[in-house]
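Reading through the structure tokens given below for one structure.
The values are calculated or read from the model by the stated rules, or taken from the named source; none is laboratory data. Keep in mind it's a predicted model, so treat the numbers as computed, not measured. Here Cβ is always computed from backbone atoms with ideal geometry, including for glycine, and neighbour counts include all displayed protein chains. In case anyone asks, the SASA skips ligands and DNA or RNA and just uses the protein heavy atoms, side chains included. Shrake-Rupley method; radii C 1.70, N 1.55, O 1.52, S 1.80 Å.
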Amino acid sequence: MRPVAEQLAYLTEIADVVLPPEELEAKLASGRPLRVKLGVDPTAPDVTLGWAVVFELLRRFQELGHVAVLIVGDFTAQVGDPSERSETRRRLTAEEVAAHVERVLPVIEDLLLPERLEVRPNSEWLATMTMHDVLDLTSKVTVARIMDREDFRRRWEAHEPISMIEFMYPLLQAMDSVAVRADVELGGADQLWNLLVGREIQERHGQPPQTVMTVPLLVGTDGVRKMSQSFGNYISVREEPAEMFGKVMSIPDEVMPDWFLLAAGAPREEVEQIRRGLAEGELHPGALKRELARRIVTRYHGAAAAQEAEEAFDRIFVAKDVPEEVPEHPLPPGDPVSLPALLVDAGLVASKSEARRLIAQGAVRIDGEKVAGEDLRRGDLLGKVVKVGKRRFLRAT
């Protein structure tokens, strides 16, 4: 087993908060395998690069010989985590949650080691709680403690509605820690308050309190808000290599150091060198961003795929060429052909209104030429390559 100081350095490299820090050191020094809990609520169908940061920390614990306890929040996902919310979240149905679990769980398991992994749905214990159990749980936390939470306090002071079910969420998350007897709980920076409540509830159940660790929230491709499927500023870990490479190349220069640390797994020493090099003008942002894109694609798809993705990027954006393989899509019957309807049917845009807007902006081309109208002659489309924006193509057949 590695020395405790070395373990601490490895684990805290991508963590921003450890509470209490001396407690984690003592637990590592005990030499016993720790039960390291991470709860995930499957409220969306994809796993993003931002979400993957906390899975990387969990995997590091596994590599050091500890047990990863992955809590699949099939029950709490139907309640809805109010963290960082300005309004009550829409409740998901059991069917919606099950569909998300089916999509994301295999991806999450691929990011972790198969050994020393427990996967537990929290409906196992939460769905069987009686009203007596619920009342006993609520008696362990005061309203004043709940209102210590910044987002609740902000909404309260703004006279914005807060449902009672939102108050329940952190208590239910805390019961997960009790059920699996967690030694450590991981989460994003926005989960810190919830994780600390878990310590309190464990103590009130006669258990040693968990140490809490959080990771920073990765800023999305817009460079402003945290990466989120709700905001649409995300990159999926399942993204095709060329698409992943292209999206990384679109991020603002100023977020690159954090992306190197959190999305590409670069050591902090290198990240600080990158930060200084950018600030002092010693590093070229374009070349650095290519290196970042290569590392991220390599991480999820391998070095060969990263090289192919970079070559495809150069063909499309440097040489202004067309990809080697363009998906074919049949033209509908009739003449003329409605271009907005064709783009929607091919899945290149979400709606006809979006298609019309892109056409008006000059973002739709046929064999490299901007399209001026919406209704086109069949002969002007047949066999041609239609390009929408920078990365969406079809060949009309």
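Some observations on this one:
- In the chain, the convex hull through the Cα atoms has an average projected area of 23.6 nm², a quarter of its surface area.
- Accessible heavy-atom area order of H205, H329, H132, highest first, probe of 1.4 Å: H132, H205, H329
- Between L117 and A279, residue separation times 0.36 nm minus the direct Cα-Cα distance comes to 54.1 nm.
- When each of K289/K352; K247/K352; K37/K226; K27/K226; K37/K289; K27/K289 is checked by Cα-Cα distance, pairs over 30 Å: K289/K352; K27/K226; K37/K289; K27/K289
- Counting 0.36 nm for each residue step from E95 to D151 and taking away their Cα separation leaves a gain of 17.3 nm.
- Of interest is the spacing of the C-alpha centroids, which for the range 23-48 and the range 316-393 amounts to 47 Å.
- Per atom type, the range 1-118 shows carbon and sulfur on 53% of its accessible surface, probed at 1.4 Å.
- Among G50, G232, G362, the residue with the largest mean-square fluctuation in a Gaussian network model of the chain, with springs joining Cα atoms closer than 10 Å, is G362.
- Dimensionless Rg/Rh of the range 129-255 - Kirkwood Rh, Rg from C-alpha atoms: 1.08
- What a 1.4 Å probe finds exposed on the range 268-384 is 49% carbon and sulfur by accessible area, rounded to a whole percent.
- Whole-Hz ³J(HN,Hα) from phi, Karplus 6.51 cos²θ - 1.76 cosθ + 1.60, for the range 382-392, glycine and proline x: 4, x, 8, 9, 9, 10, 10, x, 9, 10, 10
- On the beta carbon distance between A158 and E272, with R0 = 35 Å, the FRET formula returns roughly 0.35.
- ³J(HN,Hα), Karplus 6.51/-1.76/1.60, whole Hz, each residue of the range 199-211, x for Gly, Pro: 4, 4, 5, 4, 4, 6, 9, x, 9, x, x, 6, 7
- Whole-number accessible area per residue in Å² for the chain, which is evaluated in the context of all protein chains at 1.4 Å: 48 Å²
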